[in-house]
Each structure stands twice: as structure tokens, then as C-alpha cells.
Amino acid sequence: MVAADTQTRPLDVALLPAAGPDSSADLMAALRAQVPLVALTPEGPLSQRIAARSDRPLALIPADLVLSAVPLGAVLDDPRLGSAALAAPGPEPASWQFLDVLKIDGPDRARAAQLAEELENGADDVPLLELTRALAAAGVGVTPVPLTGYVWAHPLDAAETRSARAGVAALDERYVRLREAARGGDGVYSTLVVRRLSWRLTDLALRLGVTPNQVTVASLLIGLGAALCLAASGTGGRGWAVLGAVLLQLSLLVDCVDGELARFRRRFSRFGAWLDASTDRVKEFAVIGALAFASDRAGHPVWLLAAVAVVLQTFRNEFEVGWGLQRGYLRGATRPNTWVRNAEPLRFNRIARPDPGFSWVRRLGHFPVGERFLLISVAAAVWTPRGTLALLVAGGALAAGYMLAAFAVRRRSSSVDAPKLAALFAGGPVLGPALRRATVEATAFAALAPAVLAVAELVALWVLVERVDVAPEAALALVTATALAHYLHVYGVRDGAAAVRRGTGTDGRLLLALVLGVVSTLAPRVATPGTWLLAALVLVEAVVGSLRDWTDDDSRVTVETRTVEGAS
């Protein structure tokens, strides 16, 4: 879920003269169905209509355009977007065919008015494509919003208009919107199985009026219930393991619904984004701890194996984000878009379907959450907790090896986003500034450094507390709390919620663990309670600091979205 303001802003609309049959009435009806507050601008030259006011966005649409209502809302009512345009993929990478719907955000209207005046230069009208190109050339970001599975037409005569309107009327836009609310880029299992079920739950949630945050909390509670059942399986028998496996899959399914609800309604909140991001790892780490607890109760202590699973997952998280920043794949990357003329006067598109191929092999190599939860569920239901953890560690190790090998082959230094990579370091007042300075000056291996140092911290914490007589479950709790602190910080940087985390950081946590080790040597009875207390302090600081970063305007960094996944 992407953080954004949730309030709908008033929208100005300019329906532009066009050569085809007039569709103004249909357009206005579609607009009012998607955007509650719509005001038509007075007639006049385009530059004057753009410059009329600058406190709200302006939609520029030819009066003869025929299209489904939902794409209009996707361009004009998505709070994540500034200036944007309806588009279809172009013939070249980063090229887009312009589909005659342009939104100019309020802050961009003054510059757009100047550009329109220059383009007019005595002409009767200004082609919207030329204005879009001029905005992009002037440094005004225009986000392409793909049309995806809806009907679009720029008809030239009455027959084409009738055909296009019939296509619009025949399309079940709610069904298309529900199917396309599923986020792209999931793993194989989530795409082929989970997302094919989740949209039906999303439909039910919409009808019941459930909010995304309520769904996120429900998924968290179900996931924690799964962890409790798996923990009970150590002495309670196979039935508890099977129930835990089923609940874990249900939690994964429900976890898809919150984002789909937000994308369907086009309403996003910073708190919702934080809640969604933070609870994912809470569930996973709780399940890992539950499996270790169950195995211990069955007479097979595997606390170290559980800690290795947490460490591997932390490495995968940090490395994946760092590599994405290095290759310019995450929000904040500046890849310019090229706008070209639309090649098809009528588009009756189908719902975007997943494209099987080598890209899915790459996704499997990253061992995504759907595959991890599937492995845990199946193994826990038919095997032992110890065997389940061993498989999870093996999968994590293979994913780490695959990612390192791919990084070695495909790394690039030219597109390193050094400031964001530097911000990934969760170092405190001593290590933090030094590590960030080193990263800004680093080479192509900079993306790997935060992950390596995070692993080094987790290993060091385990060694420090294990050297004294600490209960292994307390040591795992400290490692898990620190891993969650890293996760919250890294994903905050990725999504633009924080530039540099304030707080104790790596050096502070290591110093506290060292002090605890010294005190525990002198007074062994405080070792385990002290470790639990330190784990609680780390967790509370991480959660409070992360929530502050996600909700405090002063701590947020600017994030620019260059492409939106899907029209809804």
C-alpha cells in the first residue's frame, strides 16, 4: 500500500472541442460517478482555461472521447498522482501512447499555462499530446496510467461512436476493477492461487463496508492465531499443526484484501501503509518463533535454527531493497517517459493476465512471502516443526545465493541512488554517519553493504547474549525484535517514509547488549530477564519511531511515482 493523502480534491474539467460526435454528456456523467467534486472551466483559449486557478487539478479531455468511467477516476482521483495521463504501452521501453486524458496538478498549472500559450502562437487549439510532451520536456512529471482492461475510443463518425458506447455499456466495470485491484509483481503462488481467490473476498468486503485497516488487523490476528496453533503442536499433536497451517494460508489470503480494497477505492493512508508493512513480518517472525517453541517442547531445541531463519529473511529484505534502489526500480528513480501518438482509434482491451516466463523463475529465486508461507503450511502439516524450520532455512539460503549470484552478474554502478542507499543503514549516532558517508562514496557493491551489516549486527547480538546464561527463547526474541527494527526502517526508506532513522540504531543496540553481557556475568540471574527487557525496548523504539516516520510530514522524503500499476 502506498502512502498518500486520502481527501478528495475538487477537480476542474475542460472539455475541449473535437472533430468527432459530441460525447460531453456521457463524459460528465462518468466524471461525476468517479470524482465527486467537478467544475467545468469557462470557454476560452486553452492557456487561459489552464491558468484560471492553481489551487486544484485540471482535467483536459476531448469532448468526443468515449471510454469507461473507471480509467477517468484512475487518472483524476488517485491521491498518489500529481500530473498524469491515460496511456497505453508504446513501441519502445519507457514510451507511452497518449490516450487523450491529461490531468494537470494544481502546482503545475502555472507552468502548463505558459507552455500552452507558447504552443498556441496564433493557432486555434493545442494538441494535448504536444502539451504533454512539453510538460515532460520542462521537467513536469506526467505519470502514465495504463488503460488496462477497459474500453476506450476516439471515434471519427456516428457509427464508431455507437460501437464504442455499446462496448462501454456491455463491460462489467466492477468485475474488471476488482480483478485489476490485485497488485502486480507477486510471486508465482500468490499470482496463480491467492490472487484468484482474494478478489472475491475483496468484493464481499466492499459490500460490507469494511476498511483496509480493519482487514490488515484481521490478517494479523489470524496470523498470530496460526502461530499459537503451531506452538501448541509440539505437545498437542498433528491437529494443531494442520489448523495452524490452514490459518496461515487464510492470513495470507486476507492480507491481499487490504491493498485491493485501497486500490479499488483509490483511498490510501500513511497509517494504513505503515500497518500493512509492519504486520507482514510480525506474522512471519511469530510463526518462526512458534515452530522453534513447538520443536523445543517436543524435545528438539532448534532456537539457533530459528535465529538463522530470521537472519536470512532480514538479509533478503535489506538486499532486495538495496538492489532495487541501485538499479532504479523503486519509486524515486528518474526514468524519463516518452510520449507518442496513439496508434489505435478504438481499444477494447481485456483484463491484464500474468505473463508466465523467465520473470517468474526470477521471482521464485527471491523466495517471496507466498512461497514461504506455503512451504511453512505444507511442511508443518505433514512433518515436524524442526523439519519445517530446516526447509525454511534451506529456502532462505538458496534465495540468498541466487540473489548474490544475480547481483554479481548484473550489478551496475551508474544508477546507484546513493542518498537512499545510505539511509538504509540503521546505525546510531556513531556508526550511522560514518556508514552513510562511506555509502555515498561507494561503488556498485553499495547495495549489498546494508544487508551485510544488518546480518553482522544480528549475529553479534546472538553471540553476545549466548556467551552468558540466557534462555535461548530470550536470545531469539532479541534477534527477532532487532530484525523487525531493520525491516521497519528499510521499508520506510523504500517507500519514502523516512530518510534517516533517529534512535539508538545498530551501535546503541550493540552497546546495550554488551552492557547486559557484563552485568549478567556479575549477576547471572538478570541475564534472561534483561534480554527480554532489551528485546521489548528495541521493539517499542522501532514501532514508535517507524510510526512517527510514516505519519510525520517533516520526516518524509519526496517520492515521485513514474508509473502506476494498472488503471484501478
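The values are calculated or read from the model by the stated rules, or taken from the named source; none is laboratory data. Because the structure is a prediction, the values reported are computed rather than measured. Cβ coordinates were reconstructed from backbone atoms using ideal geometry, including for glycine residues, and neighbour counts include every protein chain displayed. Areas reflect the complete protein model, heavy atoms only, side chains present, ligands, DNA and RNA absent. Shrake-Rupley method; radii C 1.70, N 1.55, O 1.52, S 1.80 Å.
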All but one of (1) among the β-branched types (Val, Ile, Thr); (2) crowded, with 16+ Cβ neighbours inside 10 Å; (3) within 24 Å of residue 295 (Cβ to Cβ) hold for residue 235; state the number of the condition that does not hold. (2)
Taking the stated definitions as given, is residue 363 modelled with pLDDT of 95 or more and buried (at least 18 other Cβ atoms within 10 Å of the Cβ)? no
Of (1) of a type in the set (A, V, I, L, M); (2) assigned to a helix (DSSP H, G or I); (3) more than 22 Å from residue 543 (Cα to Cα), residue 222 satisfies every one except (3)
Out of curiosity, is residue 172 acidic (Asp, Glu) and free of Cβ contacts under 8 Å to residues at least 12 places away in the same chain? yes
Only one residue in 39, 59 is in contact with a strand residue (DSSP E or B) (Cβ under 7 Å, 6 or more places away or on another chain), free of Cβ contacts under 8 Å to residues at least 40 places away in the same chain and either at negative phi or not hydroxyl-bearing (Ser, Thr, Tyr) (or both). Which one? 39
Just give me the residues in segment 268-289 being open to solvent by less than 10 Å² (accessible area, probe 1.4 Å) and over 15 Å from the mean Cα position of the chain (by Cα), in sequence order. 283, 284, 287, 288
Please state which one of 40, 60 is open to solvent by less than 10 Å² (accessible area, probe 1.4 Å), out of contact with any Lys or Arg (no Cβ under 7 Å at 6 or more places or on another chain) and under 13 Å from residue 12 (Cα atoms). 60
Any chance you could count how many residues in segment 228-249 are of a type in the set (Gly, Ala, Ser) and within 25 Å of the chain's Cα centre (by Cα)? 0
Go through segment 151-179 and give me each residue that's within 30 Å of residue 368 (Cβ to Cβ) and open to solvent by less than 20 Å² (accessible area, probe 1.4 Å). 176, 178
Identify, from the list 386, 331, 335, 327, the residue that is at pLDDT 95 or above and among the charged types (D, E, K, R). 386
Can we say residue 257 is of a type in the set (Val, Ile, Thr), under 19 Å from residue 199 (Cα atoms) and part of a helix (DSSP H, G or I)? yes
